[in-house]
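The values are calculated or read from the model by the stated rules, or taken from the named source; none is laboratory data. Treat the numbers as computed from the prediction; the structure is a model and nothing was measured. Positions of Cβ are backbone-derived with ideal geometry, glycine not excepted, and every protein chain shown enters the neighbour counts.
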Amino acid sequence: MNADLAPVRCRGVRGATFVAEDTPEAILEATRELLSAIAEANAIATEDIASAFFTSTADLRSAFPARAARELGWTDVPLLGACEVDKLGAPPRCIRVLLHWNTSRRQDEIVHVYLRGSDMMRTQDPPSHLAATPHPGSPGV
C-alpha cells in the first residue's frame, strides 16, 4: 500500500532508559535523551503525538520525567506519569515511556528504543524492531 494512501492509526512506541542517580538533572537529561532518540528513530513530529505515558521506579523521586517532554517543546501533548510496581529484583532507577503516535506506519515498522542498557529488560520478550545502546554504568550491565 502506498504510504500516502495508508490510513492513519494510533500506534504505541515504547522506550526505556536507566538513570545514574536520583537528581533532577540526571532524570531530565536521561528522559530528554530517550524521547529524542524515539522521535529520531521513527521520524516522529511532535504534532503527531497523541499522548505520552511515563513510569519511573520508586527510587526516582526528585523530578517528574514528563517535565523533560515539556522542555523539548511538547507543550500540547497530553502527558501522564506513574510509579512502576516495586517488584523485588526489578532494575533500579528506570524510566519507561509509551508514546501514542498517529501514523500511517504498520505496527512492525515501529522502532522501540531502549537506552543505557535497558534493553536487558526485553531479552525474553523483545519487540520486532528494537534499537538499543549499551551504557557501561547502567544497572544490570
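What number of residues in the range 23-45 are farther than 22 Å from LEU98 by Cβ and touching a Ser or Thr at 6+ places or on another chain (Cβ under 6 Å)?
Result for the range 23-45: 2.
Taking the range 11-61, which residues are of a type in the set (Val, Ile, Thr) and either over 13 Å from LEU115 (Cα atoms) or assigned to a strand (DSSP E or B) (or both)?
Across the range 11-61, the qualifying residues are VAL13, THR17, THR23, ILE27, ILE44, THR46, ILE49, THR55, THR57.
Kindly indicate which of GLU33, GLU21 is more than 12 Å from the chain's Cα centre (by Cα) and of a type in the set (Asp, Glu). Walk me through it before giving the result.
Numbers: GLU33 fails: more than 12 Å from the chain's Cα centre (by Cα).
From the options GLU33, GLU21, the qualifying one is GLU21.
Considering ARG105, ARG96, which residue is in contact with a Gly (Cβ under 8 Å, 6 or more places away or on another chain) and among the basic types (Lys, Arg)? Can you show your working first?
Working: ARG105 fails: in contact with a Gly (Cβ under 8 Å, 6 or more places away or on another chain).
Of the residues listed, the single one that is in contact with a Gly (Cβ under 8 Å, 6 or more places away or on another chain) and among the basic types (Lys, Arg) is ARG96.
If you take the residues of the range 72-96 that are at pLDDT 90 or above and among the aliphatic types (A, V, I, L, M), which of them is farthest from PHE54 (Cα to Cα)?
Top of the filtered list is LEU72.
Select from the range 72-92 the residues that are farther than 17 Å from CYS10 by Cβ and surrounded by 14 or more Cβ atoms within 10 Å (Cβ to Cβ) and list them in ascending order.
LEU72, GLY81, GLU84, ALA90, PRO91
If you go through the range 56-69 one residue at a time, do you hit one that is hydroxyl-bearing (Ser, Thr, Tyr), in contact with a Cys (Cβ under 7 Å, 6 or more places away or on another chain) and modelled with pLDDT of 90 or more? Outline the logic, then answer.
At the first step, the residues of the range 56-69 found to be hydroxyl-bearing (Ser, Thr, Tyr) are 56-57, 62.
Next, from what is left, pick out any that are in contact with a Cys (Cβ under 7 Å, 6 or more places away or on another chain): 56-57.
This time we only want the ones that are modelled with pLDDT of 90 or more, so: 56-57.
Yes, the range 56-69 has at least one match.
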